[in-house]
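The values are calculated or read from the model by the stated rules, or taken from the named source; none is laboratory data. Since we're looking at a predicted model, the values are computed, not measured. Positions of Cβ are backbone-derived with ideal geometry, glycine not excepted, and every protein chain shown enters the neighbour counts. These area figures cover heavy atoms from the full protein model, side chains too; ligands, DNA and RNA do not enter into them. Shrake-Rupley method; radii C 1.70, N 1.55, O 1.52, S 1.80 Å.
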Amino acid sequence: MKKLIRNLSLSALALASLGAVCEAPVSAASITGVSFGGSAPSDYYVYDVNNSNQTVRVLSPTLSDVQRVLDGNASSPTGNVELASSSEKSGFNFTKNTSLAGTIGGRSITLSSLTNSDWNSIGTTWFNAALVANGYGAVLNNSTIYGLALGKFMINGGQQRFSDPNISYVNQDDNSGVIKIGLAGHYDATNLLFASLNTSEKYLINALRDPSRSGTSIQASEIVKYTYDGQTNYLYSFFATRSGLVAADDGVSHTGNYEVTLQGRKSVPVPSALIGIAFAGVIGANKLKRRTATIKTLETKV
């Protein structure tokens, strides 16, 4: 009888293990179940791609349209969703935000545009990092020129210009759990970072640039705010790859793809040995069931 009970326990354990194997979560390849929120949930544009590799705005987009353009990747972006699309227009309310939410790898993620209060937290850090990454580190040591660059950037709408991220894709690596987010922007962002400076002012700043970077373009992505797994932070990049796309309306936007990443949760792989044990347990359980039924039949006859 003890042996019978022991075999029954092992088989039950094996069955439980098999159930765990069958129910193990599988990481999603792309964001799903998308929706919009924030304090300005309708302030967004959706850009699809036409046959000429131009991004064109979708009028009256549906959530299916949103899902379709977010299913691309770094080598093949398929459009983008611009959050806070009215940020560069007069009368923009910089106290409100637009967010894109969805599920990836079984967990919720929210991507958002920035507000004026966000810039109090991240603005100077981002601006300084943009200068250093593009060879203008010496500007940080010259208070006069630095004040000129930062002051004009802020006064002339630079904050709003980099607060409306264009999300081109959101996907997750099944093995590492890393979540990759594409930000569509200008491959050469020189005219965005220093747009408010006149010719002589640009000359002063360029005179402090690292000579090895002379003649190279400036690259800087817009900033996206994210909330994932209980954490909220900001993502941005100063390295772009060519997207192969260009905006049909201005001929310069969406030419660069800036990929930013964050570490996401991943499912724990089940050892193959455990799978074997689980199946063996199922077979053992079936044999035990037949053996028990035989014993009960004999007891009935006796």
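Please enumerate the residues belonging to the range 171-196 that are open to solvent by 60 Å² or more (accessible area, probe 1.4 Å) and part of a strand (DSSP E or B).
Lys180
Which members of the range 107-120 meet the condition of being at pLDDT 95 or above, outside any loop (DSSP other than H, G, I, E, B) and out of contact with any Asp or Glu (no Cβ under 9 Å at 6 or more places or on another chain)?
Across the range 107-120, the qualifying residues are Thr110, Leu111, Asn116, Ser117, Asp118, Trp119.
Could you figure out which of (1) buried (at least 22 other Cβ atoms within 10 Å of the Cβ); (2) in contact with a Leu (Cβ under 6 Å, 6 or more places away or on another chain); (3) assigned to a helix (DSSP H, G or I) isn't true of Phe153?
All conditions pass for Phe153, except number (2).
Taking the range 33-75 as the search range and keeping residues that are part of a strand (DSSP E or B) and free of Cβ contacts under 8 Å to residues at least 60 places away in the same chain, which one is least open to solvent (accessible area, probe 1.4 Å)? Steps first, answer last, please.
So in the range 33-75, the residues part of a strand (DSSP E or B) come out as 33-37, 44-49, 54-57, 71, 73.
Then drop every residue that is not free of Cβ contacts under 8 Å to residues at least 60 places away in the same chain, which leaves 44-46, 48.
Values: Tyr44: 51, Tyr45: 39, Val46: 1, Asp48: 36 Å².
Among them, the one singled out is Val46.
Considering the range 197-234 alone, what residues qualify as being of a type in the set (Gly, Ala, Ser) and crowded, with 20+ Cβ neighbours inside 10 Å?
Applying the first criterion (of a type in the set (Gly, Ala, Ser)) to the range 197-234 yields 200, 207, 212, 214-215, 217, 220-221, 230.
Ala220, Ser221, listed by residue number.
Listed here are the residues, each with its yes/no results for (1) modelled with pLDDT of 95 or more; (2) over 21 Å from His254 (Cα atoms); (3) surrounded by fewer than 17 Cβ atoms within 10 Å (Cβ to Cβ).
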residue: Pro77; (1), (2), (3): no, no, no
residue: Ala84; (1), (2), (3): yes, no, no
residue: Asn93; (1), (2), (3): yes, yes, yes
residue: Gly102; (1), (2), (3): yes, yes, no
residue: Gly105; (1), (2), (3): no, yes, no
